[in-house]
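Here it is, the structure in full.
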Amino acid sequence: MKKIAYLLLFVSTTMFSQKLTKDQLLVKLSEATCDCSQDKEFTKENYEMTLGLCLFEAVGKYEKDVEKHYGKDYMSKIEDIGGDVGEKIAFNCPKLLQVIMDNALEDDSEMTEDEDEMLEGTYTSTNVDGFLFVNMKENSGKTHQLLLINSFDNAYLITDKVLKANDKIEVYYFEAELYNAKTAKYENFKVITDIERL
């Protein structure tokens, strides 16, 4: 009788562990990756490797479900899995998202200000769509949407709503390829490094 009870427990556990939908699996993987990262010390040199190890650890916990949704050769699709999990981390693990963003921005900040691109025109508006976007129009009539995700001295012009429609501005920015959870793909964004009211 005892053996039958253990067998039933094993079978039911195995069956339930493989019943996650893909979305549920990604939530579980993001939570496990997040939990793993909590006690880790991230540096510029180790954050990619540390993040990767946490992802592998999470995948190991839900291997059967990962196989179900990504196939038995899921290791060859680890970048796809990482991208899918990254989308959930953005919502479920703000601390880890901050580490990722800080390290991405630190890499980009190694560019000198001279290497930043510059646009001149008029400020039109801001809008929030997951992140804060600044909309502007060049004198030629061409419009741009720029992303505010890092801190700089003049950021208050945007965050404190000092800029008014039709104010003349100069915006310094760099191009970055970031994951857009809304479209579920990587896209190029203009990331603001400085803004000046003329």
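Could you check, for region 86-93, whether at least one of its residues is in contact with a strand residue (DSSP E or B) (Cβ under 7 Å, 6 or more places away or on another chain) and at pLDDT below 90?
Yes, region 86-93 has at least one match.
Looking only at region 22-35, which residues are crowded, with 17+ Cβ neighbours inside 10 Å and either under 17 Å from residue 103 (Cβ atoms) or among the polar types (S, T, N, Q) (or both)?
Hits for region 22-35 are 30, 33, 34.
Can you pull out the residues in region 136-162 that are within 22 Å of residue 101 (Cβ to Cβ), assigned to a strand (DSSP E or B) and out of contact with any Phe, Trp or Tyr (no Cβ under 8 Å at 6 or more places or on another chain)?
144, the sole residue that qualifies.
Is there a residue being open to solvent by 30 Å² or more (accessible area, probe 1.4 Å), in contact with an Asp or Glu (Cβ under 9 Å, 6 or more places away or on another chain) and modelled with pLDDT under 90 anywhere in region 155-174?
No, region 155-174 has no match at all.
All but one of (1) part of a strand (DSSP E or B); (2) open to solvent by less than 50 Å² (accessible area, probe 1.4 Å); (3) not basic (Lys, Arg) hold for residue 179, so report the exception by its number.
Answer for residue 179: the failing condition is (2).
Kindly indicate the residue of region 53-73 that is under 15 Å from residue 96 (Cα atoms) and free of Cβ contacts under 8 Å to residues at least 24 places away in the same chain and also surrounded by the fewest Cβ atoms within 10 Å (Cβ to Cβ) among those meeting that condition.
53
The values are calculated or read from the model by the stated rules, or taken from the named source; none is laboratory data. All of these numbers come straight from a predicted model, not from anything done at the bench. Cβ: placed from backbone, ideal geometry, glycine included. Neighbour counts: every protein chain shown. All accessible areas refer to the heavy atoms of the entire protein, side chains included, with ligands and DNA or RNA removed. Shrake-Rupley method; radii C 1.70, N 1.55, O 1.52, S 1.80 Å.
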